[in-house]
Amino acid sequence: MMAAAVNHYFGSSIGRKQLVATTGLLLCGFLVSHLAGNFFLLVGPNAFNLYAHKLEALGGLLFVVEGILAVIFTIHLGLAIKLNIENVKARGGAKRYALKKNTGRGTTFMSQTMPWTGLILLAFVILHIKSLKLGTYYTTVVDGVTMRDLYKTTMEYFVSTPATIWYVVAMVAAALHTSHGFASAFQSMGWNHGKYFKNVKRIGYLYAVLVSGGFAFLAVWCHLKGV
Amino acid sequence: MSAGNMNLNLKIWRQPTGAAEGKLVDYRVEGVSPDQSFLEMIDVLNDQLVRKGEDPIAFDHDCREGICGMCSMMINGKAHGGYKNTTTCQVHMRLYKDGDTIIVEPFRAKAFPIVKDLTVDRSGIDKVMMAGGFISANTGNAQDGNAVLIPKPIADEAMDAAACIGCGACVASCPNGSGMLFMGAKISQLALLPQGQPESPRRSLNMVHTHDTLGFGNCTTHAECEATCPKGISIEHIARMNREYLKAAFTYYEKSRSEGGA
Ligand code: HEM
Ligand code: SF4
Ligand code: FES
């Protein structure tokens, strides 16, 4: 059995949870870099398009990075969903108690809605890639170089009020998801100690508000600015 | 039993066997004393039931002083009634008012099948412990108490973890029916102490494996276990277990006999 210890890790409750945690934290990191890129919107069309063009110009490397991201995302949601299905069974079915009250000192709205906020994020990511990355392809010329006018695609997309509202709703889901997920991931990896864990939780809340808030702010900004 | 002046309405889960259908049944207990414990109140009710020729309510109990962990029940939706650091046997009726309705249900989780009424089979906890919750070194005679020096904060932390009484409230309260708190408490306690450290990797691997196969759920850091644990055990111990397990999974290896191992 010992020889199979590493194999068993990937099938165990803790091992799989640690994979959900590491992939979750990597996604948290990705969101920061994505948000930083989005802020070029505020600088202007040329800055934003140049940034997007530079990424595009990475060619094969970008392809590899996107592939890794897709794998991370798939591992995260696949394992998270599997763990969740097991947990519903382990609690003893839907009709577990006639009356169940939480203490108020443990489980939170955020921790209870993790699968749901996660599914909203999944739906969001699919639509997001479809309507922006794979959205209308305009071209523009910056400094004599012809490149994709992603700025125009983005601004056009956010003209729609429902699209903007959906974006903000998804960011609320992201905030809820990461405000529990960030600290939970530290706990799953074993990085919980009385000395610093309160601060990990604080950083998680701060992360959730700043990052999701940043994305939502830019969406509303685009909507209000118009094409 | 001293007669008191409280009258209570109880809704208690009755289920003749594990396979049978169960339901909440209404009972009225009169003359409850505020000094009675919750279990003594049920004793009074059972006494009435027996006198009427009815089947008494089956429930687990043993020490009745908060140390054995047998008195598992959900009182008004909370394990052990949800009072801080309190087991059911230490819940006293002065916490309730005359005329109150109290709902009493068994602990529930896939790993805790119902035996009868409020009694559940919590032997899953024992099975997880038997998979490694001990040290197997032959220690010989007791050595001098100060021969192995353990810093006070470490000893305190190990002692906090050792306070687990195996009651299962963590599992019953956990939205995932997970056994991580009691298992984490044991793995953490032994990993903190020099006597437990040598076997920590093997212990972590075996206990977690057993936990998983018994149908306990996965931790998603709700921390409802910590909030209901009658011994106030912190999820920091789950984190220590997670570290121990991660380390063991990637570094610990025992050669099989064919590879020249023992
Ligand atoms: C950009 C997107 C996402 C980020 C930044 C993210 C982040 C995280 C983090 C940090 C955790 C905590 C891991 C742990 O507790 O060990 C987590 C858990 C989880 N995630 Fe995500 N996640 C994302 C997308 C998704 C998606 C698309 C799903 C989909 C179905 C999902 C479902 C879950 C679930 C069910 C959990 C575990 C639940 C729990 O710990 O209570 N996540 N996520
Ligand atoms: S960790 Fe606490 S709640 Fe869980 S079995 Fe031990 S004493 Fe009971
Ligand atoms: S009966 Fe022993 S702890 Fe309650």
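The figures follow:
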| read-out | value |
| --- | --- |
| Single unsatisfied condition, B:K231 versus (1) open to solvent by 10 Å² or more (accessible area, probe 1.4 Å); (2) under 15 Å from the mean Cα position of the chain (by Cα); (3) of a type outside the set (S, T, N, Q); (4) within 17 Å of A:E86 (Cβ to Cβ) | (4) |
| Residue match in the stretch A:10-28 (condition: crowded, with 18+ Cβ neighbours inside 10 Å and more than 13 Å from ligand 1 (Cβ to nearest atom)) | yes |
| Condition met for B:S200 (of a type in the set (G, A, S), more than 16 Å from ligand 3 (Cβ to nearest atom) and assigned to a helix (DSSP H, G or I)) | yes |
| Qualifying residue in the stretch B:53-73 (condition: under 27 Å from B:S123 (Cβ atoms), at pLDDT 95 or above, within 14 Å of another protein chain (Cβ to nearest Cβ) and surrounded by 15 or more Cβ atoms within 10 Å (Cβ to Cβ)) | yes |
| Of all residues in the stretch A:78-105 being open to solvent by less than 70 Å² (accessible area, probe 1.4 Å) and over 21 Å from B:E105 (Cα atoms), the one that is nearest to ligand 3 (Cβ to nearest atom) | A:E86 |
| Any helices (runs of 4 or more DSSP H) falling wholly within the stretch B:95-176 and containing at least 2 residues that are more than 15 Å from the chain's Cα centre (by Cα) | B:152-162 |
| Options B:G31, B:G53, B:G69: the member that is within 16 Å of ligand 2 (Cβ to nearest atom) and not in a helix (DSSP H, G or I) | B:G69 |
| Close pairs from the stretch A:77-101: first within 17 Å of B:L24 (Cβ to Cβ) and at the interface with chain B (Cβ under 8 Å from one of its Cβ atoms), partner surrounded by fewer than 20 Cβ atoms within 10 Å (Cβ to Cβ) and hydrophobic (A, V, I, L, M, F, W, C), Cβ under 7 Å, at least 6 apart | A:A98/B:L24; A:A98/B:I103; A:L99/B:I103 |
| Test: residue in the stretch A:121-128 that is open to solvent by less than 80 Å² (accessible area, probe 1.4 Å), away from chain B (no Cβ under 14 Å) and in contact with a Pro (Cβ under 7 Å, 6 or more places away or on another chain) | no |
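Rundown of residues vs (1) touching a helix residue (DSSP H, G or I) at 6+ places or on another chain (Cβ under 7 Å); (2) open to solvent by 20 Å² or more (accessible area, probe 1.4 Å); (3) within 16 Å of ligand 2 (Cβ to nearest atom); (4) on the phi < 0 side of the Ramachandran plot, yes/no style:
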{"site": "A:Y137", "(1), (2), (3), (4)": "no, yes, no, yes"}
{"site": "A:G144", "(1), (2), (3), (4)": "no, yes, no, no"}
{"site": "A:Y167", "(1), (2), (3), (4)": "yes, no, no, yes"}
{"site": "A:L176", "(1), (2), (3), (4)": "yes, yes, no, yes"}
{"site": "A:S188", "(1), (2), (3), (4)": "yes, no, no, yes"}
{"site": "A:H193", "(1), (2), (3), (4)": "yes, yes, no, yes"}
{"site": "A:V200", "(1), (2), (3), (4)": "yes, no, no, yes"}
{"site": "A:G214", "(1), (2), (3), (4)": "yes, no, no, yes"}
{"site": "A:L218", "(1), (2), (3), (4)": "yes, no, no, yes"}
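The values are calculated or read from the model by the stated rules, or taken from the named source; none is laboratory data. Note that this is a predicted model, so its numbers are computed, not measured. In this analysis, Cβ positions are derived from the backbone assuming ideal geometry, glycine residues included, and neighbour counts consider all displayed protein chains. Quick note on the areas: whole protein, heavy atoms, side chains included, nothing else; ligands and nucleic acids left out. Shrake-Rupley method; radii C 1.70, N 1.55, O 1.52, S 1.80 Å.
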